[in-house]
Amino acid sequence: MGILSSLFTGVSGLNANGNALSVVGNNIANLSTVGFKSSRSVFADLISSSLGGAGGAIQTGLGVALNGVQGNFSQGSLSTTSNALDLAVDGNGFFVLRDTAGAAFYSRAGQFHLNSQNQIVDPSGFLLQGFQVNTSGLITASISGVTLPTTTAPPNPTSSVDIGANLNSQSTASTFSLADPAGTSQFSSSITVYDSVGNSHLLTSYFTKTAANTWTYNVVGSTNEIVTGNYHTSNVNTSLGLVRLASGTLTFNTSGALDTESVVTSYDSGTAGGTAGSTVGQSQIDFVGATGDQAISFNFGTSVTTDGGTGMNLTTQFGAASGLVQQSQNGFGAGALQTFSVETNGMINGRFSNGQVRPLAQLALARFPDPLGLVRTGKNTFAESGTSGQPLIGAATSAGLGRVLANTLELSNVDLGESFIEMIAAQRGFQANSRVITTSDEVLQELVNLKR
């Protein structure tokens, strides 16, 4: 009976080491597979048979079995690429993917690209999942496939203009005239603003000193871009093609700081004198083909009396040549997506043709209580199992999920030298167990020969 069991013991050794060779071979075969995680064989002895003795003191083994194949989820080496959608996870997280049926998969392989619908997908067509961005540009808790915009991004009409300049305190007082705006002002600055449909308009502000420490500014536009029918003829100069749109007053203290800012008089009411607004610095302008009464606030700084500020942060009045220091406005025209980038926190930022940069989505990452329990489903993906536990899904760099690296791929973590050693060990084990079988066969042959 012992000789026969030695045959079966040898067979179990052949099977176990043959399976170990399969595991090693799979590791080596996937040496160049991006994001591949190697495995190792785990052996266990079979239940021993007792031949007698107190407490089963005389026991012989029944062989060996492959008890499991254990994954190695250590970090693989990182390789730099030229593709912005080549992504790698530096840490414990997995990319979250879904197939067209909505089934969830998880992967470390970050070879992504855009499909015909501008969706970010892996080579198998699985959709990369991320947190969506709402119309205000804020990240929401909603997770779905990441799609980059293909339509033109809407414009943002200008609502505020900041002007920082120095107005020469030594200038001589005069009176502004639309017939000669440059000749009746001491300084001017121009800025491009945008209407409700994204059209650009050049507005020029003429600054005229009217008294000691007192200046007026007159905002002028082009007759081609303004609904001139809403403006009194005294505020329209057809020969120069100019329309006076708004005016206001600035005063300065003896230190040169901006002291007060007046409300703005807007001239779109059709009267020669215009209509004073109720908000300091805010004007009303009627652009052709756009929403009427567009409110644009002109901000010259935090004035001392009006705003309770220092009066030194934008426009000042010092004894130096008048000049523009800084100028900005918050509007922009429509724009198409030109390029995008992926940050380490998984944020995908798009750069548009209008110069704007805004978030498009934030990639979701997942981690598991026991990643060794994940089921390999092929195509560089894993699936959740009862052993792995449910995934914790969040944004990159949070909750121990790791960070996302763009223009980077995680290589296979297969150690070729270690694999060769395991291959040799499996080969020797297979050979040795085959010797057990041939030896047992020879012994049985001798037993049969006893009858002769």
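ASP268 meets the conditions (1) touching an Asp or Glu at 6+ places or on another chain (Cβ under 8 Å); (2) closer than 27 Å to GLY323 by Cα; (3) not basic (Lys, Arg) in every case but one. The failed one is (2). A Cβ distance below 7 Å, combined with a sequence gap of six or more or placement on separate chains, defines the contacts here; from segment 2-22, residues that are closer than 19 Å to PHE420 by Cβ reach residues that are buried (at least 20 other Cβ atoms within 10 Å of the Cβ) and modelled with pLDDT under 85 in the pairs ASN17/ASN433.
Any residue that is over 22 Å from GLY68 (Cβ atoms) and open to solvent by less than 30 Å² (accessible area, probe 1.4 Å) - is there at least one of those in segment 372-393? No, segment 372-393 contains no residue that is over 22 Å from GLY68 (Cβ atoms) and open to solvent by less than 30 Å² (accessible area, probe 1.4 Å). Taken as a whole, the condition of being within 30 Å of SER144 (Cα to Cα), in contact with a Gly (Cβ under 9 Å, 6 or more places away or on another chain) and open to solvent by less than 40 Å² (accessible area, probe 1.4 Å) applies to GLY346. One residue stands out among those in segment 321-343 that are assigned to a loop (DSSP other than H, G, I, E, B) and either of a type in the set (Lys, Arg) or more than 19 Å from SER205 (Cβ to Cβ) (or both): the one that is most open to solvent (accessible area, probe 1.4 Å), which is GLU343. Annotation note: of ALA257, ALA272, ALA276, the sole residue that is open to solvent by 50 Å² or more (accessible area, probe 1.4 Å) and more than 40 Å from the chain's Cα centre (by Cα) is ALA276. Listed by position, the strands (runs of 3 or more DSSP E) enclosed by segment 238-315 that each have at least 1 residues that are without any contact (Cβ under 8 Å) to a residue 60 or more places away in the chain are 242-252, 258-261, 263-266, 275-280, 282-285.
Among the residues of segment 410-424, how many are open to solvent by less than 60 Å² (accessible area, probe 1.4 Å) and either free of Cβ contacts under 8 Å to residues at least 24 places away in the same chain or not in a helix (DSSP H, G or I) (or both)?
Of the residues in segment 410-424, the ones open to solvent by less than 60 Å² (accessible area, probe 1.4 Å) are 410, 412-414, 417, 419, 422.
Right, trim to either free of Cβ contacts under 8 Å to residues at least 24 places away in the same chain or not in a helix (DSSP H, G or I) (or both) and you get 410, 412-414, 417.
Selection size over segment 410-424: 5.
Scanning segment 261-306 for residues that are over 22 Å from THR233 (Cα atoms) and among the aromatic types (Phe, Trp, Tyr) yields PHE298, PHE300.
Looking across segment 127-151 at every residue that is under 19 Å from VAL342 (Cβ atoms) and not in a strand (DSSP E or B), the one that is modelled with the lowest pLDDT is identified as GLY137.
Go through the residues of segment 210-224 one by one and say whether even a single one is outside any strand (DSSP E or B) and open to solvent by less than 20 Å² (accessible area, probe 1.4 Å). No, there is no match, as no residue in segment 210-224 is outside any strand (DSSP E or B) and open to solvent by less than 20 Å² (accessible area, probe 1.4 Å).
Report those strands (runs of 3 or more DSSP E) wholly inside segment 5-123 carrying at least 1 residues which are hydrophobic (A, V, I, L, M, F, W, C) and in contact with an Asp or Glu (Cβ under 8 Å, 6 or more places away or on another chain).
Of the strands (runs of 3 or more DSSP E) lying wholly inside segment 5-123, those with at least 1 residues that are hydrophobic (A, V, I, L, M, F, W, C) and in contact with an Asp or Glu (Cβ under 8 Å, 6 or more places away or on another chain) span 64-71, 78-80, 87-90, 94-98, 104-107.
Conditions: (1) touching a strand residue (DSSP E or B) at 6+ places or on another chain (Cβ under 6 Å); (2) at pLDDT 95 or above; (3) surrounded by 15 or more Cβ atoms within 10 Å (Cβ to Cβ). GLY309 meets all but one. Number of the miss? Among (1) touching a strand residue (DSSP E or B) at 6+ places or on another chain (Cβ under 6 Å); (2) at pLDDT 95 or above; (3) surrounded by 15 or more Cβ atoms within 10 Å (Cβ to Cβ), GLY309 violates only (1). Taking the criterion of being aliphatic (A, V, I, L, M) and crowded, with 22+ Cβ neighbours inside 10 Å, the residues of segment 180-208 that qualify are VAL193, LEU203. Checked against (1) of a type in the set (Gly, Ala, Ser); (2) crowded, with 17+ Cβ neighbours inside 10 Å; (3) assigned to a loop (DSSP other than H, G, I, E, B), GLY429 passes all but condition (3).
Condition check ((1) farther than 30 Å from SER297 by Cα; (2) open to solvent by less than 60 Å² (accessible area, probe 1.4 Å)) across all residues:
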position	(1), (2)
GLN119	yes, yes
PRO123	yes, no
LEU128	yes, yes
LEU138	no, no
SER142	yes, no
GLY145	yes, yes
PRO149	yes, yes
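Among (1) modelled with pLDDT under 85; (2) touching a helix residue (DSSP H, G or I) at 6+ places or on another chain (Cβ under 7 Å), where does SER38 come up short? Of everything listed in (1) modelled with pLDDT under 85; (2) touching a helix residue (DSSP H, G or I) at 6+ places or on another chain (Cβ under 7 Å), SER38 misses just condition (1). Of a type outside the set (A, V, I, L, M, F, W, C) and open to solvent by less than 20 Å² (accessible area, probe 1.4 Å), is that true of SER262? No: the conditions fail for SER262.
The values are calculated or read from the model by the stated rules, or taken from the named source; none is laboratory data. Because the structure is predicted, anything quoted here is derived from the model rather than measured. Reconstructed Cβ throughout: ideal geometry from the backbone, glycine too, with neighbour counts over all protein chains shown. Accessible surface is based on the protein model in full, side chains and every heavy atom, while ligands, DNA and RNA are left aside. Shrake-Rupley method; radii C 1.70, N 1.55, O 1.52, S 1.80 Å.
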